[in-house]
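Input: a single structure, listed below in structure tokens.
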Amino acid sequence: MPLVTSKEMFKKAYEGGYAIGAFNVNNMEIVQAITEACKEEKAPVILQVSKGARAYANHTYLVKLVEAAVIECPEIPIVLHLDHGPDFETCKSCIDGGFTSVMIDASSKPFAENIEITRKVVEYAHAHGVVVEAELGTLAGIEDEVKVEAGLASYTRPEEVEEFVSKTGCDSLAIAIGTSHGAYKFKPGTKPQLRFDVLHECEKRLPGFPIVLHGSSSVPQNYVAMINEFGGAMPGAIGVPEDQLREAARSAVCKINIDSDLRLAMTGTIRKFFCEHPDKFDPREYLKPARANIKELVRHKLVDVLGCNGKA
Ligand code: G3H
Ligand code: 13P
Ligand code: ZN
């Protein structure tokens, strides 16, 4: 089937009590690993591209890689989504360039300005059959070139969500409930806890409306250990506990964004390979096990965290 929007996917996920995985893609091996796992597990999937990914790999290469996955995996629905679109022009370029979904992230702007920018993107996107994710609240961590200090992050204010959604016409809403971008989400020694009270309050005010969670990597400790064992230095890298994400997936959360975990799997595997085979220099030899480990990690997310296996 051709690329789809997330409309139908989210409706089924909402009703079925599971979430769709949204995985960031930057190169061929990552696209292959994610879509092969989804194909084998019969899972719908969102492949998302950030501004940084477009700068790194080029828009056309990424679109063509995703189109190749669509051809190779005709039995699963695939969405091509812009992650953290910073402005109208970037969203327009992706809408004109074959994406079926865009995120406009004006969450750092004042409320009224966020509404204004989001509404402009929604008007253009809907006129072209594309859906829009928007964001209210600020996550800590690094997203694209923007670094938000933990102290400056703010939870979504539930009392704002109805006005925001009705005035913008957005199709899904990313909210801030304690997740954050990157590999250092919680202080070592503290107990990671998402604000389910904020989520449930938003859910109550927006019945049937799809909620999105960014910054939802769990930072698998086996890969952090692998990185540290083979020459890396990532002390205190901690993510969101997977049982809390599973709980979120059962609620109005229909899309869960996972990027850092895949990067950790890739980096750990390649570091280990180089240490164990110092004489090797063929990229295919070290990218092959990296791709295989990303695929198994994605399979685990689909089955044990998102619950979207068998839903394609
Ligand atoms: O939230 C950001 C995503 O993890 C993408 O990261 O900007 O390094 O491509 P990136
Ligand atoms: P992580 O850094 O937790 O993987 O978050 C990814 C994300 O939110 C992409 O938009
Ligand atoms: Zn994000």
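The values are calculated or read from the model by the stated rules, or taken from the named source; none is laboratory data. Here the structure is a predicted model, which is why all the values come from computation and not from measurement. Reconstructed Cβ throughout: ideal geometry from the backbone, glycine too, with neighbour counts over all protein chains shown. Just the protein is used for accessible areas: all its heavy atoms, side chains included, with ligands, DNA and RNA removed. Shrake-Rupley method; radii C 1.70, N 1.55, O 1.52, S 1.80 Å.
Is it the case that some residue within the range 37-59 is in a helix (DSSP H, G or I), modelled with pLDDT of 95 or more, open to solvent by 70 Å² or more (accessible area, probe 1.4 Å) and among the hydroxyl-bearing types (Ser, Thr, Tyr)? The answer is yes, given that some residue of the range 37-59 is in a helix (DSSP H, G or I), modelled with pLDDT of 95 or more, open to solvent by 70 Å² or more (accessible area, probe 1.4 Å) and among the hydroxyl-bearing types (Ser, Thr, Tyr). Screening 68, 57, 19, 53 for residues that are aliphatic (A, V, I, L, M) and closer than 20 Å to residue 218 by Cβ leaves exactly one candidate, 19. Just to be sure, is residue 67 open to solvent by 60 Å² or more (accessible area, probe 1.4 Å), more than 15 Å from ligand 1 (Cβ to nearest atom) and either under 16 Å from residue 299 (Cα atoms) or assigned to a strand (DSSP E or B) (or both)? When the stated conditions are applied, residue 67 does not pass them.
Just to be sure before I move on: is residue 290 under 30 Å from residue 172 (Cβ atoms), of a type outside the set (S, T, N, Q) and in contact (Cβ under 8 Å) with a residue 12 or more places away in the chain in the structure I sent? Please lay out each step first, then the result.
Numbers: under 30 Å from residue 172 (Cβ atoms): no; of a type outside the set (S, T, N, Q): yes; in contact (Cβ under 8 Å) with a residue 12 or more places away in the chain: yes.
Taking the combined requirement at face value, the residue does not satisfy it.
If you check 299, 263, 284 for being away from ligand 2 (no atom under 16 Å from the Cβ), surrounded by 15 or more Cβ atoms within 10 Å (Cβ to Cβ) and among the charged types (D, E, K, R), only one passes: 299. The residues in the range 174-197 that are away from ligand 2 (no atom under 16 Å from the Cβ) and of a type in the set (Ser, Thr, Tyr) can be counted, and the count is 1.
This table checks each residue for (1) open to solvent by less than 10 Å² (accessible area, probe 1.4 Å); (2) closer than 23 Å to residue 17 by Cα.
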{"site": "157", "(1), (2)": "no, no"}
{"site": "160", "(1), (2)": "no, no"}
{"site": "169", "(1), (2)": "no, no"}
{"site": "174", "(1), (2)": "yes, yes"}
{"site": "182", "(1), (2)": "no, no"}
{"site": "189", "(1), (2)": "no, no"}
{"site": "194", "(1), (2)": "yes, yes"}
{"site": "203", "(1), (2)": "no, yes"}
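Restricting to the range 72-114, and then to whatever is more than 16 Å from ligand 2 (Cβ to nearest atom) and open to solvent by less than 10 Å² (accessible area, probe 1.4 Å), can you tell me which residue is farthest from residue 170 (Cα to Cα)?
As a first pass, look at the range 72-114 and keep what is more than 16 Å from ligand 2 (Cβ to nearest atom): 72-78, 87-89, 92-93, 95-98, 100, 109-114.
Then keep just the ones that are open to solvent by less than 10 Å² (accessible area, probe 1.4 Å); that gives 73, 76, 78, 114.
Details: 73: 29, 76: 25, 78: 20, 114: 12 Å.
Per the stated criteria, the residue is 73.
Would you list the strands (runs of 3 or more DSSP E) that sit entirely within the range 114-226 and hold 3 or more residues that are of a type in the set (A, V, I, L, M) and farther than 20 Å from residue 240 by Cβ?
Numbers: elements: 131-136, 141-143, 146-148, 172-175, 211-213.
Correct list: 131-136.
The number of residues in the range 127-152 that are within 11 Å of ligand 3 (Cβ to nearest atom), over 19 Å from residue 110 (Cβ atoms) and modelled with pLDDT of 95 or more comes to 1. Would you check if there is a residue in the range 16-27 being at positive phi, open to solvent by 10 Å² or more (accessible area, probe 1.4 Å) and polar (S, T, N, Q)? Checked against the condition, which is being at positive phi, open to solvent by 10 Å² or more (accessible area, probe 1.4 Å) and polar (S, T, N, Q), the range 16-27 yields no hits at all.
The residue pairs whose first member lies in the range 155-174 and is farther than 22 Å from residue 11 by Cβ, whose second member is in a helix (DSSP H, G or I) and open to solvent by 30 Å² or more (accessible area, probe 1.4 Å), and whose beta carbons are closer than 7 Å, counting only pairs six or more residues apart or on different chains, are 158/201; 158/205; 160/111; 167/119.
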